[in-house]
Amino acid sequence: MSAVLAQGRTVLTANEAAAHAVMLARARAIGCYPITPQTIIVERLADLTAGRDDVEFTNLESEHAMFGYVIAAARVGVRTFTATSSQGLLYAHEQLQRASRERVPLVAVNVNRSIFAPWSIEPDLSDSMSQRDTGWIQLYCASAQEVLDSVLCAYRIAETVLLPVMVCAEGFLLSHTSELVDVPGQDMVDAFLPELRPPEEWVLDPERPRTFSALPEARDYDAFQRRVADAMDDAVSLIEDVASEFGSRFGRHKAGALAIAGNPDADTALVTIGTIGETALELLEEDDDLLLVRVHAYRPFPAAQLSAALARASHVAVVDRAPAFGAFGPLGSDVRSLGPAHIGAATNVVCGLGGTEVTPRTLRWVLETARSGGADGDVAPLYVPEGV
Amino acid sequence: MAEWLEEIVAEEKLLHPGHAACAGCGPAINVRHVLDGLAAARPESRIVLVVPASCWTIIAGIWPVNAFGVSVHLTPFASAAAEASGIKSALRLRGQGDTQVVVWAGDGSTCDIGLSGVSAAAERDEDLVYVLNDNEAYMNTGVQKSGATPEGAWTTTTPATAPRAGQKKDIARIMAAHGIPYVATLAPGSVPMLRDFRAKVARAAEVRGFRFLHVLGACPPGWRYPTDQTVEVTRLAVESRAFPLVACDDGAWRITYRPKRPVPVREYLEAQGRFGHLSPDDVEAFQSHVDERWRQLVALEGQTSCSETPPSTISV
């Protein structure tokens, strides 16, 4: 007997919201391996799918095996799901690279957690940021509702462009924090998310014997990689379209690539990712010369949207919750790669590692630093001084 | 016997001519007998072959050419067992659960990098035929030592001046210890041995759950013998008891081929360049390990088979 899905407005953690979205999306092959703080997602899915013969829920022996399991099941044309965190995501790196190159429309939730060493189970974005070039679309969330909505959108996006999508949610800050969440009805989700129908020639069908991912000549290998890049390009506008369709069908706003708040003509812009973007909203109460840009879709990188959003600011600050040793932070380098010059000179601050609190006070320090000339000419990001 | 051989020769081959295996490749003979045997045993069901990184990613053909007559799913080195499980799950969901999902994996993949995956799929009793294609080293990368390399054998990472220490991993008994329904060792070194081989493939097709076939695949460049000696070297492996032919069917062990007059292991070793540096003492030690393992198998057979009726299909 399987557990029952909550309906309507209810209180859920982000982990529970993810599990609800997966059930509403009718994922049929689910690969499971525990890791804190993700584990509750697969525990809930084990309960919700218990005794059902239209779902295969399999406990694997590692994340590498787990991603292999869902990749293989997806190749047969079945909608899949899996979730992990931190070391688990890193352990699966080989499979992450392969999933995008093989054009497998997976959806996975990564509950962000810092990475070893030393040990910590607290949140930062080092795990998924280190996988940003694997060819996965990455959506970073700032609330439990956004996790639920993003998982549903992720299936639409993945199955349209045939690329895997990683929905990222910070551990504990989201995964274990209860919030009011609106759980849509099954009929609405079914209308938004039709049954998976990948191209017939892509599906591994025993009735039509063929070899998949066989060794090609160099020029064919090159062409396959270019198609992955093209699919990523296609995803840029698709992410916006799916978000706007979601908004009109479900009656609530869904961010596309960016969530923008504050004064569009402000002199100072603060670019964030994840829950720091929620914390930053508090600054608007005291600062009306501030534009907030939270990056929701980090890959494909929304370069055009960001350039447009930041066009009028003369000071740009970018907050990363992950280091990129020997260079600017991941989001910082990406933003600094944009023109024009004032964006190229953006102040980049790395903070919040290993669960260190990022408060409005931290962000005020970031803004003061940026407004006073910031990191012009620096070759590395700033780290927040102790006590700020 | 001749009639049976004619049937075998006449059957439709699921590995087509024109594949890219080396001259004298033992596994090329073996994979055809595995696939053709499974297809013959269950003609109504299709086969999906799951192949991790190995010589077979190349032998299968350069894209878009394909030497196999079945669907092939290629995987990274360590995840063949998990991916075969994923394919089986998805086929069940799509109403194609009758498909035979078959892993064809080398000894590096099975005994080393992918062992946790093989063990986990066995422990879950996944409905798969897992075939270990054992050529006793990493051959695709140019002959490096694996957990299945025999003691003393030369490889490029265990040179003659620092030969392989320790024993070949006893993977058949490791797998049997999982309590899976069927484990067998196979090597087609003669017509009776081929009969044993095909009977075990047929038995594997008949059983449900995790089935493990350990197939010895003689490799001319890796074992250093002339390409026309593959069958003879395979025969010597079995006749010397270096590679005993056994089955563990539902927990009951049986030696399925008993050499009438076992040949000294020395003859098997001398047929291959990879053992050319062994001293008489090394050969004697090798022989004593072979004898000890045979005694253990005889004891296992005595303990487990007396109360069981061995399935007639695997009688030789």
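Of the residues making up region A:365-383, those that are under 26 Å from the mean Cα position of the chain (by Cα) and either under 12 Å from A:Leu270 (Cα atoms) or buried (at least 20 other Cβ atoms within 10 Å of the Cβ) (or both) are A:Val366, A:Leu367, A:Pro381, A:Leu382. Looking at A:Asp149, A:Asp133, A:Asp182, A:Asp127, just one residue is surrounded by fewer than 19 Cβ atoms within 10 Å (Cβ to Cβ) and more than 22 Å from A:Val228 (Cα to Cα), and that residue is A:Asp182.
The set of residues in region A:61-107 that are basic (Lys, Arg) and more than 7 Å from every other protein chain (Cβ to nearest Cβ) comprises A:Arg79, A:Arg101, A:Arg103.
The set of residues from region A:13-48 being more than 14 Å from chain B (Cβ to nearest Cβ), surrounded by fewer than 24 Cβ atoms within 10 Å (Cβ to Cβ) and touching a strand residue (DSSP E or B) at 6+ places or on another chain (Cβ under 7 Å) comprises A:Ile35, A:Ala46.
Among the residues in region A:104-120, are any over 16 Å from the mean Cα position of the chain (by Cα) and within 23 Å of A:Ser213 (Cα to Cα)? Scanning region A:104-120, I find at least one residue that is over 16 Å from the mean Cα position of the chain (by Cα) and within 23 Å of A:Ser213 (Cα to Cα), so the answer is yes.
May I ask you to list the residues in region A:309-328 that are crowded, with 19+ Cβ neighbours inside 10 Å and not aliphatic (A, V, I, L, M)? Within region A:309-328, A:His315, A:Asp320, A:Arg321, A:Pro323, A:Phe328 qualify.
From the list A:Leu331, A:Leu338, the one residue that fits, being assigned to a helix (DSSP H, G or I) and either surrounded by fewer than 24 Cβ atoms within 10 Å (Cβ to Cβ) or modelled with pLDDT of 95 or more (or both), is A:Leu331.
Selection of region B:52-86 for residues being assigned to a helix (DSSP H, G or I) and either more than 15 Å from A:Arg210 (Cα to Cα) or not aromatic (Phe, Trp, Tyr) (or both) yields B:Thr57, B:Ile58, B:Ile59, B:Ala80, B:Ala81, B:Ala82, B:Glu83, B:Ala84, B:Ser85, B:Gly86.
So if I check each of A:Gly344, A:Gly326, A:Gly332, which one is under 21 Å from A:Gly274 (Cα atoms) and of a type in the set (Gly, Ala, Ser)? Break it down stepwise before answering.
Numbers: A:Gly344 fails: under 21 Å from A:Gly274 (Cα atoms); A:Gly326 fails: under 21 Å from A:Gly274 (Cα atoms).
None of the others qualify; the one that does is A:Gly332.
The residues in region A:163-202 that are hydrophobic (A, V, I, L, M, F, W, C) and under 19 Å from A:Asn110 (Cα atoms) can be counted, and the count is 9.
Going through region B:262-307 one residue at a time, which ones are assigned to a loop (DSSP other than H, G, I, E, B) and of a type in the set (A, V, I, L, M, F, W, C)?
Passing the criteria: B:Val263, B:Ala271, B:Leu278, B:Cys306.
Where strands (runs of 3 or more DSSP E) fall wholly inside region B:210-261, the ranges with 3 or more residues that are closer than 15 Å to B:Pro188 by Cα are B:211-216. Checking each residue of region A:257-280 against the condition of being in the same structural domain as A:Ile35 (by TED's automatic domain parsing), among the acidic types (Asp, Glu) and surrounded by 15 or more Cβ atoms within 10 Å (Cβ to Cβ) gives no match. Figure legend. Inter-residue proximity from region A:23-42: first residues touching a residue at least 12 places away in the same chain (Cβ under 8 Å) and at positive phi, second residues in a loop (DSSP other than H, G, I, E, B) and crowded, with 24+ Cβ neighbours inside 10 Å, beta-carbon distance below 9 Å, spacing 6+ or different chains. Indicated pairs: A:Arg26/A:Arg79.
The set of residues in region B:48-69 being of a type outside the set (Phe, Trp, Tyr), facing another protein chain (nearest Cβ under 7 Å) and crowded, with 21+ Cβ neighbours inside 10 Å consists of B:Val48, B:Ala60.
Taking the condition more than 7 Å from chain A (Cβ to nearest Cβ), in contact with a helix residue (DSSP H, G or I) (Cβ under 9 Å, 6 or more places away or on another chain) and surrounded by 16 or more Cβ atoms within 10 Å (Cβ to Cβ), does B:Ala21 pass? Talk me through it step by step, then tell me what you get.
Details: more than 7 Å from chain A (Cβ to nearest Cβ): yes; in contact with a helix residue (DSSP H, G or I) (Cβ under 9 Å, 6 or more places away or on another chain): yes; surrounded by 16 or more Cβ atoms within 10 Å (Cβ to Cβ): yes.
In short, yes.
Out of curiosity, is B:Leu91 free of Cβ contacts under 8 Å to residues at least 60 places away in the same chain, buried (at least 17 other Cβ atoms within 10 Å of the Cβ) and more than 8 Å from chain A (Cβ to nearest Cβ)? No; evaluated as a whole, the condition is false for this residue. Taking the conditions (1) under 30 Å from B:Ile62 (Cβ atoms); (2) surrounded by fewer than 19 Cβ atoms within 10 Å (Cβ to Cβ); (3) within 14 Å of chain B (Cβ to nearest Cβ) in turn, A:Arg197 satisfies each one other than (1). Annotation note: Cβ proximity below 9 Å between a residue of region B:171-187 that is on the phi > 0 side of the Ramachandran plot and a residue that is in a helix (DSSP H, G or I) and not charged (D, E, K, R) (sequence gap 6+ or interchain) occurs for B:Gly179/B:Ala122. Among B:Val118, B:Val72, which is the only one that is within 8 Å of chain A (Cβ to nearest Cβ) and aliphatic (A, V, I, L, M)? Checking each option against the conditions leaves just B:Val72.
Here A:Thr279 clears all of (1) free of Cβ contacts under 8 Å to residues at least 40 places away in the same chain; (2) more than 27 Å from A:Met232 (Cα to Cα) except the condition numbered (1). Name the single residue that is nearest to the other protein chains (Cβ to nearest Cβ) among those in region B:94-115 being buried (at least 24 other Cβ atoms within 10 Å of the Cβ) and of a type in the set (Ser, Thr, Tyr). Only one residue tops the list, namely B:Ser109.
The values are calculated or read from the model by the stated rules, or taken from the named source; none is laboratory data. What you see is a predicted model; the values in this text were computed from it and never measured. Note: ideal-geometry Cβ built from the backbone for every residue, glycine included; neighbour counts use all protein chains shown.
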